[in-house]
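Notes follow once the structure below has been shown.
The values are calculated or read from the model by the stated rules, or taken from the named source; none is laboratory data. All figures in this text were calculated on a predicted structure; none of them were measured in a lab. Here the Cβ positions follow ideal geometry from the backbone for every residue, glycine too, while neighbour counts run over all protein chains shown. Note: areas computed on protein heavy atoms with side chains; ligands, DNA, RNA excluded. Shrake-Rupley method; radii C 1.70, N 1.55, O 1.52, S 1.80 Å.
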Amino acid sequence: KTKVIKIKDKTRPEDGELLEAAEILRSGGLVAFPTETVYGLGANALDEAAAKKIYAAKGRPSDNPLIAHISSMEELPALVREIPEAGRKLAEKYWPGPLTMIFPKKDVVPYGTTGGLDTVAVRMPSDPVANRLIKLAGIPVAAPSANTSGRPSPTRAEHVIEDMDGKIEMILDGGQVGIGVESTIVDVSGPVPTLLRPGAVTLEMLRETLGQVEVDPAILGPVKGDVKPKAPGMKYRHYAPKADMVLVEGAMEDVVDYINREAAKAMGAGKRVGIICTRESRDLYPQGLLEVIGSRSQEETVAHNLFAVLRDFDDRQVDCIFSESFSEDQLGQAIMNRLCKAAGYHIVKCGGPSEE
Ligand code: TXA
Ligand code: MG
């Protein structure tokens, strides 16, 4: 039976609320906890057997490496062979926070944690519950997102309970997370820093700090044939709702027309249709089940609600989902990366001269 502990004030957790969780982690068990990005499923990153339990609970392929979470800068040198200049600069600017960096690993980090790689992903979360829990545990905490592999990442404790109840020792309930999409991942182990997964620390912010930053092609489109994404996790069809999802791009008017037309057709064929819209467009869809993902004028709200909206449509048992799309700059790059993957890269461009 999974024990759920509700944190009274998630901005100032008391050690008494976290000590049992820390002890479970130290002794090789699994604890799910909130971070500022999404909920994580934690285990001792230095204990290969504990890491194996994570893969089992998630149903995750074991070649997909885990992120080791630390609570302060002094904990980094124990895990990594060197801290390149780019890593130092980004740590100074964005840690603690929603940024993960890839370093050459030391031998103490088992291959069971890194999926067989000689590098290790490290993140220092700013969430007070996560940060204090890691400190109290006194070990680096390996933590993927706390969802069943392939399901949308959890942004509320209820999502974690849905996926993990009965499979892990404990869930710390810290309410709803702030950011809502997973951390930015940057590989600083090579000659040029490379963005492997977009997140709240945007490409624009990285370039401002580092100058040159490359972008792994896997971020921009489906992984084809022999091109391997550098973050192994990016090759899986992640974040997927149960329904077929179509992401619709184009001028707003054309997008709304297209969705209304296709929704009517699908409903005529007896399907339950979901539509992902925004606060600005909600009144433009006369039929279908609507979920408002956020406001276009505040993209943080879109990131914040994204995974919950996909899960809500699972609960509402829709057969197909039509989603509006977003511009790909700043935080939009992370939003579109997750939406594209949720849709299995099923993207329709409408309007303009080349309409199908
Ligand atoms: O925001 C986050 O990062 C959340 C919270 C819990 O911290 N964690 C998270 O973990 O998203 P996960 O396991 O769902 O995603 C980790 C990603 C995967 O795509 C994995 O392939 C990549 O990081 N990764 C881990 N270690 C790596 C390495 N050594 N080299 C390249 N990619 C790595
Ligand atoms: Mg994940």
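Brief remarks on what is shown
- Search result, residues across region 144-159 that are within 12 Å of the chain's Cα centre (by Cα) and away from ligand 2 (no atom under 13 Å from the Cβ): none
- Boolean, Val141 is within 16 Å of ligand 2 (Cβ to nearest atom), farther than 18 Å from Ala200 by Cα and open to solvent by less than 10 Å² (accessible area, probe 1.4 Å): yes
- So Gly59, is it open to solvent by less than 50 Å² (accessible area, probe 1.4 Å) and either closer than 30 Å to Arg156 by Cβ or free of Cβ contacts under 8 Å to residues at least 40 places away in the same chain (or both): no
- Residues of region 37-51 classified as assigned to a loop (DSSP other than H, G, I, E, B), of a type outside the set (S, T, N, Q) and within 15 Å of ligand 2 (Cβ to nearest atom), total: 2
- Count of residues meeting criterion [of a type in the set (Gly, Ala, Ser) and more than 15 Å from ligand 1 (Cβ to nearest atom)] in region 51-85: 2
- Only residues that are of a type outside the set (A, V, I, L, M) and in contact with a Gly (Cβ under 8 Å, 6 or more places away or on another chain) were counted in region 163-183, giving 3.
- Qualifying positions in region 108-122 - within 11 Å of ligand 1 (Cβ to nearest atom), outside any loop (DSSP other than H, G, I, E, B), touching a Phe, Trp or Tyr at 6+ places or on another chain (Cβ under 9 Å) and open to solvent by 10 Å² or more (accessible area, probe 1.4 Å): Thr119, Ala121
- Scanning region 136-173 for residues that are away from ligand 1 (no atom under 12 Å from the Cβ) and either modelled with pLDDT under 95 or small (Gly, Ala, Ser) (or both) yields Ala137, Gly138, Ala157, Gly166.
- For the residues Lys105, Lys89, Lys93, the requirement of being open to solvent by less than 30 Å² (accessible area, probe 1.4 Å), among the basic types (Lys, Arg) and in contact with a Ser or Thr (Cβ under 6 Å, 6 or more places away or on another chain) singles out Lys105.
- Just one of the listed residues (Val248, Val223, Val227, Val255) is surrounded by fewer than 14 Cβ atoms within 10 Å (Cβ to Cβ) and either modelled with pLDDT under 95 or under 12 Å from Glu324 (Cβ atoms) (or both), and it is Val227.
- Pairing each residue of region 125-150 that is among the acidic types (Asp, Glu) with any residue that is within 16 Å of ligand 2 (Cβ to nearest atom), provided the two are 6+ apart or on different chains, yields C-beta distances under 9 Å for Asp127/Phe33; Asp127/Pro34; Asp127/Thr35; Asp127/Glu36; Asp127/Thr37; Asp127/Val177.
- Just one of the listed residues (Gln298, Gln333) is open to solvent by 70 Å² or more (accessible area, probe 1.4 Å) and modelled with pLDDT of 95 or more, namely Gln298.
- Where a residue in region 23-34 is touching a residue at least 40 places away in the same chain (Cβ under 8 Å) and farther than 11 Å from Lys3 by Cα and its partner, wherever it lies, is buried (at least 20 other Cβ atoms within 10 Å of the Cβ) and of a type in the set (S, T, N, Q), with Cβ under 6 Å and at least six apart: Leu25/Asn44
- Filter result for Pro125 (in a loop (DSSP other than H, G, I, E, B) and within 8 Å of ligand 1 (Cβ to nearest atom)): yes
- Filter result (open to solvent by 20 Å² or more (accessible area, probe 1.4 Å) and within 13 Å of ligand 1 (Cβ to nearest atom)) within region 174-187: Gly178, Ile179, Asp187
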